[in-house]
1. Please specify each residue of region 40-62 satisfying the condition of being at pLDDT below 85 and hydrophobic (A, V, I, L, M, F, W, C).
2. Considering only region 26-43, I want to know if a residue exists there that is loosely packed, with under 14 Cβ neighbours inside 10 Å, in a helix (DSSP H, G or I) and among the polar types (S, T, N, Q).
3. Can you run down the residue pairs with Cβ atoms below 7 Å, 6 or more apart or on separate chains, where the first is in region 1-18 and within 16 Å of Val66 (Cα to Cα) and the partner is surrounded by 10 or more Cβ atoms within 10 Å (Cβ to Cβ) and at pLDDT below 75?
4. Here is a check on your reading of the model: is Phe13 hydrophobic (A, V, I, L, M, F, W, C) and more than 14 Å from the chain's Cα centre (by Cα)?
5. Under 7 Å by Cβ, and 6 or more places apart or on different chains, what pairs join a residue from region 47-68 that is more than 18 Å from Phe36 (Cα to Cα) and loosely packed, with under 15 Cβ neighbours inside 10 Å with one that is modelled with pLDDT under 85 and aliphatic (A, V, I, L, M)?
6. Right, Gln10: at pLDDT 80 or above, surrounded by fewer than 13 Cβ atoms within 10 Å (Cβ to Cβ) and among the polar types (S, T, N, Q) or not?
Amino acid sequence: MKAKKRLSHQEEFEIMKLVLDKFLWLGFGIMAWGLFSLFQGATIMQGFMWIVVGAIVLILFMIIIVREFEIIS
């Protein structure tokens, strides 16, 4: 059985950046969809619901970042 290769802290950070960048794009995309639907004539409640969901995704992203930083430190 082969030994697993350990990643350096820099390599772990680069992988974490790639993964968490997707969360940022996802949160921004959801909020942009909410804004777009507001301009297209959807109900105000529908548009704001999408914006709130995007904000929740970004808040979850922030919590993950803080926890990862605390674990690494």
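1. Ala42, Ile44, Phe61, Met62
2. Within region 26-43 (the criterion being loosely packed, with under 14 Cβ neighbours inside 10 Å, in a helix (DSSP H, G or I) and among the polar types (S, T, N, Q)), the answer is no, since none of the residues qualifies.
3. Met16/Glu68
4. Working: hydrophobic (A, V, I, L, M, F, W, C): yes; more than 14 Å from the chain's Cα centre (by Cα): yes.
Considered against the rule, which asks whether it is hydrophobic (A, V, I, L, M, F, W, C) and more than 14 Å from the chain's Cα centre (by Cα), Phe13 comes out as yes.
5. From residues that are more than 18 Å from Phe36 (Cα to Cα) and loosely packed, with under 15 Cβ neighbours inside 10 Å, the pairs are Ile64/Leu20; Ile65/Leu20; Glu68/Met16.
6. Details: at pLDDT 80 or above: no; surrounded by fewer than 13 Cβ atoms within 10 Å (Cβ to Cβ): yes; among the polar types (S, T, N, Q): yes.
When the stated conditions are applied, Gln10 does not pass them.
The values are calculated or read from the model by the stated rules, or taken from the named source; none is laboratory data. All values derive from a computational prediction rather than experimental measurement. For neighbour counting, all protein chains shown are included, and Cβ atoms are generated from backbone atoms with ideal geometry for every residue, glycine included.
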